[in-house]
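I have placed the structure first, in the form of structure tokens, so that the comments after it can refer back to it.
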Amino acid sequence: MEQGTSVDVAAPVDRVWEVLVDVERWPEWTDSVSSVRLLDTGPLAVGSRVQVSQPRIPTGEYTVTALEPGSSFTWEQRQPGSRVSAHHACTPLPDGGTRVELAVVMSGALGGVVGRLYRRLTERYLAMEAAGLKLRAESTAR
């Protein structure tokens with residue numbers, strides 16, 4: 001089961017990326033995240049482990065599985081019978097802005113069931129994250 005959203009941000013891709021990868025500060029700009037804690041030292045990189053707490057969702061540990069600096073990253077949480085993969089991508093627009101795409105994929109034997117249970121909440125949280133990222137990046141880009 002896959003869900004996603006996109007938003008155009010009136011800020012350059014480097015600024016949007018800076019806000020996006022500063023994951024421990026996400027709770028400052030989206031109510032969909034209660035806390036984020038890096039479990040490893042250094043900047044976000046492939047292999048980084050991150051503990052994410054969200055309202056109405058059990059706290060989970062995500063591992064960064066792919067990262068293209070300045071462009072995109074994916075992190076995954078694995079549990080028996082399911083895997084949650086969240087993808088975050090920034091693409092420069094011709095006008096100097098940035099298109100941000102956010103997607104969540106739930107897979108595995110229980111992924112479809114979990115995905116259906118959390119479908120509306122996931123949709124709402126993706127919209128909150130996109131709107132919060134847009135506001136944060138645009139307000140600090142000026």
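Values computed for the structure shown
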{"quantity": "Angle in degrees between helix 119-141 and the longest Cα principal axis of the chain, rounded to the nearest 10", "calculated": "20"}
{"quantity": "Burial ranking of peptide ranges 40-52, 17-29 (average Cβ count within 10 Å, highest at the top)", "calculated": "17-29, 40-52"}
{"quantity": "Interchain or long-range residues, amide H under 5 Å from residue 79's placed H", "calculated": "84"}
{"quantity": "Length released on extending from residue 128 to residue 28, taking residue separation times 0.36 nm less the Cα-Cα span", "calculated": "34.8 nm"}
{"quantity": "Additional length obtainable on full extension of the chain from residue 140 to residue 68, 0.36 nm per residue less Cα span", "calculated": "23.6 nm"}
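Throughout, read-outs are computed from the coordinates displayed, never taken from laboratory work. Everything numeric in this text was worked out from a predicted model, so none of it was measured. Note: ideal-geometry Cβ built from the backbone for every residue, glycine included; neighbour counts use all protein chains shown.
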